[in-house]
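S.K.: The structure's right below; bear with me while I get my questions together.
Computed from the coordinates by the stated procedures, all read-outs in this text should not be read as laboratory data. Only a predicted model underlies this, so the values are computations on that prediction, with no experimental measurement involved. Here the Cβ is made from the backbone with ideal geometry for all residues, glycine too, and neighbour counts use every protein chain on show.
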Amino acid sequence: MPQDRTLIRGGYVVTMDDALGDLPVGDVLVEGSSIAAIAPSVDVSDARVIDARGAVVMPGLVDTHRHTWQTQMRGICADWTLNDYFLGMRLMISPAYAADDVYVGNYLGALEAIQSGVTTLLDFSHCNNTPEHADAAVAGLEAAGVRALHCYGFFASARVNAAFPTHAARLADFERVVRSHVSADALVTIGSALTEVATIPWADTVAEIDVTRRLGARMVLHTGCQWGSVVTMGVEEMHAHALLGPDQVHVHCNTLDAREWQMLARAGAKVSISPETELNMGMGHPVVGTCRDHGIHPTLSCDIVSLNSGDLFTQMRLALASARCADNDRCNRSGAMPQALTITARDALRWATLYGAEACGLDAKIGSLRPGKQADIIVVGGPDSLAFRPRPEPVGNVVFHATAHDVRDVFIAGRRVKENGVLVGVDLSRLLDRAEGSAARILATVRTASPTFPSRPAAGTSFEGFEEVARRNLSSAHR
């Protein structure tokens, strides 16, 4: 029997493909890395058979913004504001990371994603203290076997860094990483993560965008998430300099006004929403409805497991609940109840699959199930799953009831990386011990300078001087 041929038989197939629709009972044939056939019944005699009766077979989930390197700092930001996070994580913890710590964070974090049915990550990697850190981040993703758009971060967590004495040195290292990972078949492709606009000179922001486009890569950036500040703004300035584009994923966008949203929409820019982080850290309401109003496809992300959960089921539920509540508020304020909901569970599933693939520039390969596409497939639920029995509305089960525990099987490019609820080929106990050691070493390093860490890193800290510099940086775009 050929080892590269697998038949997933008898599941409820949610293709997320408008032409194919759902198959209440269907078979999916995988040959090599691709989907070979989808039909109510596929007749083959030489394939390994996976019994999916009682389960949902669907595309793998796509997370469009995860700082994967932070995995071993799990929950440390539970009671932090966004300012606490910037000072504590970006300026205190990040410099204490060695290259091996980044490897461990990315490896374990990618496995956590796979465990919960995420087959593709946009890895927003802004802990590049040295070139070795950058290489370790990619190596961690590759070791996990996840599909990823690894976005190399230009952010400098320390003013003085012998490995990157200039901003140009960081750009050159990004180019090195891009050129060393040029392969049409690679699961990990390289993009860039821009330094927050206004935190560096405008000319440096332009240089980051220019080098990314010259290399034909995609880019991600935090946009509009700091109320009362120019930090993470700059949409108007990027528009004026023709720097916006469909190759960008703008993350959060909570503080943008209607004019800025129109600029993003006209440019074809993508948007990533992190409901759990945004609602907890004071960034504001998730912008699902605003995306809809401007014709932008929303996508979802877990953002930071240093605060919150690492699964997209949670993000789907929170985003959907927040968006429905915002729409229903208008009706409630008039003293009435809504006659119908404005957003469906299937809409939320689309945000986490096909629209996520579009944002990563991978929708020709993944995001839906169709013959010829890559076999990034998850099997969710089954006869022993409490969340899926009974199962009168399968998409509703997935969006509102599924957890990582219900993700039974995961395929990435046809390779089974989770089988019957267990990650394949992973010594998880050993890796978790390694992560514990990494976390202990990092925190010990931070506490040598700040003995009370991690209690409220920004408590009593004034950001007025930083804001003044940021305003000067952004104002230079108008000259």
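S.K.: Could you give the angle, 0 to 90 degrees to the nearest 10, between helix 312-333's Cα long axis and the longest principal axis of the Cα atoms of the chain?
M.R.: Tilt of helix 312-333: around 80 degrees.
S.K.: Please compute the length gained on full extension between Ala143 and Arg346, using 0.36 nm multiplied by the number of residues separating them and subtracting their Cα-Cα distance.
M.R.: Values: separation 203, 0.36 × 203 = 73.08 nm, distance 3.25 nm.
Computed gain between Ala143 and Arg346 is 69.8 nm.
S.K.: Let me ask another. Any chance you could give the angle, 0 to 90 degrees and rounded to 10, that helix 167-179 forms with the longest Cα principal axis of the chain?
M.R.: Helix 167-179 and the main axis of the chain meet at about 20 degrees.
S.K.: What does the highest-first list of 117-127, 225-235 look like by mean Cβ count within 10 Å? Display every interim value, and only then the final one.
M.R.: Working: 117-127: 29.0, 225-235: 20.4.
Per-residue Cβ counts within 10 Å, averaged per peptide and sorted highest first, yield 117-127, 225-235.
S.K.: Label-point separation (nm) for Val422 and Arg159, each offset 7 Å from Cα along Cα-to-Cβ?
M.R.: The two pseudo-label positions are separated by 5.4 nm.
S.K.: If you line up the long axis of helix 258-267 against the longest principal axis of the chain, both from Cα atoms, how many degrees apart are they, to the nearest 10?
M.R.: 60
S.K.: In debye to the nearest 20, how big a dipole does the stretch 323-479 give about its Cα centre with +1 on each Lys and Arg Cβ and -1 on each Asp and Glu Cβ? Could you put the intermediate results ahead of the total?
M.R.: On the way: 22 positive and 17 negative charges, 44 e Å.
With Lys and Arg at +1 and Asp and Glu at -1, about 200 debye.
S.K.: Length gain on complete extension for the stretch Ser462 to Ser475, per 0.36 nm per residue less the alpha carbon to alpha carbon distance?
M.R.: On the way: separation 13, 0.36 × 13 = 4.68 nm, distance 2.16 nm.
Length gained between Ser462 and Ser475: 2.5 nm.
S.K.: What does DSSP give for the chain in terms of the percent of beta bridges that are antiparallel, rounded to the nearest 5?
M.R.: Numbers: 27 of 63 bridges.
Expressed as a percentage, antiparallel bridges in the chain total about 45.
S.K.: Also: Under a straight-distance cross-link criterion of Cα-Cα below 23 Å, which lysines are reachable from Lys418, leaving out those fewer than 8 residues away in the same chain?
M.R.: Candidates past the 8-residue exclusion: Lys365, Lys373.
S.K.: Pop a pseudo-label 7 angstrom from the Cα along the beta-carbon direction at both Gln262 and Arg90 and give the gap in nm to one decimal.
M.R.: Roughly 3.0 nm, to one decimal.
S.K.: Still on this structure, I have one more. Would you kindly state how much longer the chain becomes between Glu132 and His405 on full extension, computed as 0.36 nm times their sequence separation minus their alpha carbon distance, in nm to one decimal? Spell out each step's value before the answer.
M.R.: Working: separation 273, 0.36 × 273 = 98.28 nm, distance 3.48 nm.
The Glu132-His405 span can extend by a further 94.8 nm.
S.K.: Hey, rough spin-label estimate for Ala19 and Trp227, points 7 angstrom out along Cα→Cβ, what's it come to in nanometres?
M.R.: Between Ala19 and Trp227, the simple spin-label model gives 4.6 nm.
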